[in-house]
1. Residues that are exposed (fewer than 12 other Cβ atoms within 10 Å of the Cβ) and at pLDDT below 80: does segment 114-128 have at least one?
2. Here are the criteria: (1) at pLDDT 85 or above; (2) farther than 14 Å from residue 71 by Cα; (3) surrounded by 16 or more Cβ atoms within 10 Å (Cβ to Cβ). Tell me which single one residue 175 does not satisfy.
3. Only residues that are surrounded by fewer than 19 Cβ atoms within 10 Å (Cβ to Cβ) and modelled with pLDDT of 90 or more: list them for segment 130-153, please.
4. Which of the numbered conditions does residue 156 fail, given that it passes all the others? Conditions: (1) modelled with pLDDT under 90; (2) touching a helix residue (DSSP H, G or I) at 6+ places or on another chain (Cβ under 7 Å).
5. Residues in segment 163-172: is at least one closer than 23 Å to residue 68 by Cβ, in contact (Cβ under 8 Å) with a residue 60 or more places away in the chain and surrounded by 15 or more Cβ atoms within 10 Å (Cβ to Cβ)?
6. Out of the residues in segment 228-270 that are touching a helix residue (DSSP H, G or I) at 6+ places or on another chain (Cβ under 9 Å) and outside any helix (DSSP H, G or I), state the one that is modelled with the lowest pLDDT.
7. Taking the conditions exactly as written (within 17 Å of residue 78 (Cβ to Cβ), without any contact (Cβ under 8 Å) to a residue 24 or more places away in the chain and in a helix (DSSP H, G or I)), does residue 206 satisfy them or not?
8. Mind listing just one residue for me: the one in segment 209-226 that is in contact with a helix residue (DSSP H, G or I) (Cβ under 9 Å, 6 or more places away or on another chain) and in a loop (DSSP other than H, G, I, E, B) and, of those, modelled with the lowest pLDDT?
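The values are calculated or read from the model by the stated rules, or taken from the named source; none is laboratory data. This one's a predicted model, so the numbers in the text were calculated from it and none came from an experiment. Cβ placement follows ideal geometry from the backbone for every residue including glycine, while neighbour counts extend to all protein chains displayed.
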């Protein structure tokens, strides 16, 4: 009887410890309902779109979804390349070596951008070949217009990557959940798998300030054989420039603040 009581007490103590961890970490609380909510939003809006296009041939719908999936991966890989480059320096405790090396901050960022470009090109090539072999989806048929659309998604991924890297400098390992979560927080509002009109009015307001929304709208128009208007290109260039500047400014601010407070050295010792 005493052993059973002791086991229950120890289990209750550990449970209390795990609960208390959430009281002191907003990020842990954020992670509890984040993924279920994102799944509900994305698949819910997608089902609404499929219901609205009930008369559309299934093959055409599949083409839209495959093209959107490949395009989304470009954005996601671009963001991950920037942030994971910094995260790996922390994981391997190499960040102090980076700091004492004769390396400028912009050179560090440029290297991560180039790494992201190579990674995106490789993954896109693999996905394009597999999509053609398995689903008869020809990425080349989209034409040269796919390149500026892909570049737009890559640039926005870099901007988000700079932002999440800044959070990593500020919160360290505690921000790791945000590295993976923020891109998917934007996914329901980026209209990846459905047009802007499917979203409710309040969500359309958020979607209209994201360059990814216009990139996916342009991709859908291209797959439908329509020309992308010049106004859409202008919005893409303007929003991407704005977010890249915002992300770079935030990252530089967090970097200098972390260095001034000794946070960078502490990250290497965590």
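1. No: segment 114-128 contains no residue that is exposed (fewer than 12 other Cβ atoms within 10 Å of the Cβ) and at pLDDT below 80.
2. (1)
3. Answer for segment 130-153, where residues must be surrounded by fewer than 19 Cβ atoms within 10 Å (Cβ to Cβ) and modelled with pLDDT of 90 or more: 147, 148, 151.
4. (1) is the only condition that residue 156 fails.
5. Yes.
6. The selected residue is 270.
7. no
8. Restricting to residues being in contact with a helix residue (DSSP H, G or I) (Cβ under 9 Å, 6 or more places away or on another chain) and in a loop (DSSP other than H, G, I, E, B), the top hit is 224.
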